[in-house]
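Working notes, structure below.
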Amino acid sequence: MSYINIKNVWKEYGDQVVLERINNTVEKGDFITIVGASGCGKTTFLKMLLGTEGPSRGIITVANEPLHAEPDAQRGIVFQRYSVFPHMTVLQNVVLAREFEKSRFLSRLFGSAKKQAVEEALTMIEAVGLTPAINKYPHELSGGMQQRLAIAQALIKKPRILLLDEPFGALDPGIRADMHQLVLDLWRRYKLTIFMITHDLKEAFYLGTRLWVFDKDRIDPQAPGAFGARITYDMPVGSVDEKASAKIRESLQQEDADLDEPAMSGVTP
Amino acid sequence: MKKLINQQPTKPFRWLLGIIPFFILLILYIGASNARLAENPNDKLLPALGSFVEAMDRLAFEPSKRSGEYVFWQDTVSSLERLGIGVGVSALIALIFGVVNGTIPYVRANLSPLITAISLVPPMAILPVLFIVFGLGELSKIVLIAIGITPFLIRDMQQRVLEIPSEQLIKAQTLGANTWQIIVRVVLPQVMPRLIASVRLSLGAAWLFLIAAEAIASTDGLGYRIFLVRRYLSMDVILPYVLWITLLAFAVDFALRKLSLWLYPWFHDQTPEGA
Ligand SMILES: Nc1ncnc2c1ncn2[C@@H]1O[C@H](COP(=O)(O)OP(=O)(O)OP(=O)(O)O)[C@@H](O)[C@H]1O
Ligand SMILES: [Mg+2]
């Protein structure tokens, strides 16, 4: 059995079918990058893996057990929107995971335990380049800095499954490259299983071991909600040939034109 | 020349502009008072400023002939004590119930309708019930304040908890937090400044209930004194007392604001209007 099994999963909101007939298996240590047109259900899929949304039909299992229907420490997340705690400084935001873990009642650490947790947090903060801002509150940070904080906060927990929803969208190219190295490094070191949504096809090819494309393979012009998106491409990245990637690019652009939405930022050749 | 909406007065000028209306009011009062006193030197409605000083001097700095107490200070301490205990207890109850209601759906389903119903009962209408149940002592006055403002505070706290973005609660869970840890580290610290803000809003109502309760059944307190001397048309006591109550209300509000700014800078920086 594979680590994660997705069996005939559907997701519907009222009449609208968002996802349909999703079938796939994921091995431990896979780094799956997900691309697809805006609004096709990528975030919804991630929420199902997280356990905050249940599938309308079908079942997802992790390590041969049905997925826990609530978020827990096994699955870490970095949301599309900022999810750091506004009442804590950068350092406090990152130390928090250790405090939750080691102090079940007070949720606060003291003395040497605290010192150790702070040191660990400082290393992580250093890795995301926020050392000069450790005592700042999130509202004093730029959008990209907040996102890096969210990444540090999630990574310090070293969750077995890491869910990333367009985590690098707001970052400039230099920091983006640093973050890529950081994520790859942690992924290798801790054997994480990562699902990452991105709008940047180049990033998807570069980071992942597998690339999934979410797309509708059937469209009813009279009823746009009648059919949901499926995984239309699932390919090991690395062995990708130019033809396939051109095809993906084309299908994504097609989709964008259909939805009359601005072209994707990352589909430059 | 800039548009009117873009013109800012300089700081000293802003002060001056702010003080002028008070000054005009004072002048108007003195004018009206002089006019009435010229007609009838025994007029009690608009006493001269000197009479205020005299009356306050008597109440604040001479021991009362009957009890030997300094009436003005005694009244102030009694009233502030009732207000402080009443508001403090209300805030504590509101914090507990508001947070638990807001975070735990089962408790909310259980208690929310009851709290809504209680908040709709006009507190003054059950004042007689309070006097019957709790007697005419301190307790019934404190309970009146609590009944008057607690339901509002609880509902406000519950609302504030529900406004915390779900991403934060999910994030905390993925960091391994249980319900209790989410409450103490994520929810409580974020609603504390909001509690102070709603307490400040409810202070006006708290003063109202305090003065009403003191007026009806009490032996001291600012409200009691005002209603007592009303019988003798003692405007020379009533007006300074009203001024004093206003000042106290302002001071309490100001202190709470400063406290909140000092304890929760992150809150005030991101919500300038919420200050
Ligand atoms: N709670 C909800 N109730 C109803 N419809 C929803 C809900 N959440 C999402 N949807 C719908 O599901 C569809 C997919 O949304 P989703 O957020 O998964 O898109 P996405 O692929 O992540 O898009 P983007 O790339 O813009 O982030 C959208 O059409 C959206 O309107
Ligand atoms: Mg999304």
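Some points to look at:
- Residue match in the stretch A:131-153 (condition: under 15 Å from the mean Cα position of the chain (by Cα), in a loop (DSSP other than H, G, I, E, B) and free of Cβ contacts under 8 Å to residues at least 60 places away in the same chain): no
Residues are listed down the side, and each one gets a yes or a no for (1) away from every other protein chain (no Cβ under 14 Å); (2) touching a Gly at 6+ places or on another chain (Cβ under 9 Å); (3) more than 16 Å from ligand 1 (Cβ to nearest atom):
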{"residue": "A:Phe205", "(1), (2), (3)": "yes, yes, yes"}
{"residue": "A:Pro221", "(1), (2), (3)": "yes, no, yes"}
{"residue": "A:Gly225", "(1), (2), (3)": "yes, yes, no"}
{"residue": "A:Ala229", "(1), (2), (3)": "yes, yes, no"}
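- Taken across the stretch A:35-49, residues that are over 26 Å from A:Gly144 (Cβ atoms), more than 12 Å from ligand 1 (Cβ to nearest atom) and touching a Leu at 6+ places or on another chain (Cβ under 8 Å) do not occur at all.
- Verdict on B:Leu195 being modelled with pLDDT of 95 or more and either in a helix (DSSP H, G or I) or on the phi > 0 side of the Ramachandran plot (or both): yes
- Residue in the stretch A:68-81 that is nearest to ligand 1 (Cβ to nearest atom), counting only those that are buried (at least 20 other Cβ atoms within 10 Å of the Cβ) and touching a residue at least 40 places away in the same chain (Cβ under 8 Å): A:Phe79
- Among all positions in the stretch B:163-178, there is no residue which is polar (S, T, N, Q) and in contact (Cβ under 8 Å) with a residue 60 or more places away in the chain.
- Considering residues of the stretch B:167-210 that are among the basic types (Lys, Arg) and at the interface with chain A (Cβ under 7 Å from one of its Cβ atoms) only, the residue surrounded by the fewest Cβ atoms within 10 Å (Cβ to Cβ): B:Arg185
- Within the stretch A:108-130, tally of residues that are in a helix (DSSP H, G or I) and within 24 Å of the chain's Cα centre (by Cα): 8
- Selection of first residues in the stretch B:132-158 that are within 13 Å of B:Ser202 (Cβ to Cβ) and of second residues that are not in a helix (DSSP H, G or I), restricted to Cβ pairs under 9 Å at least 6 apart or on distinct chains, gives the following pairs, ordered by first then second residue: B:Ile147/B:Val121; B:Pro151/B:Val121.
- For the stretch A:191-214, a residue qualifies if it is surrounded by 21 or more Cβ atoms within 10 Å (Cβ to Cβ) and closer than 14 Å to A:Gly36 by Cα, and the qualifying residues are A:Phe195, A:Met196, A:Ile197, A:Thr198, A:Leu201, A:Ala204, A:Leu211, A:Trp212, A:Val213, A:Phe214.
- Scanning the stretch A:58-106 for residues that are more than 23 Å from A:Gly169 (Cα to Cα), within 7 Å of another protein chain (Cβ to nearest Cβ) and not in a loop (DSSP other than H, G, I, E, B) turns up A:Leu96, A:Ala97, A:Phe100, A:Glu101.
The values are calculated or read from the model by the stated rules, or taken from the named source; none is laboratory data. Quick caveat: nothing in here was measured; it's all calculated off a predicted structure. When we count neighbours, we look across all protein chains shown, and the Cβ atoms used for this are built from the backbone with ideal geometry, even at glycine.
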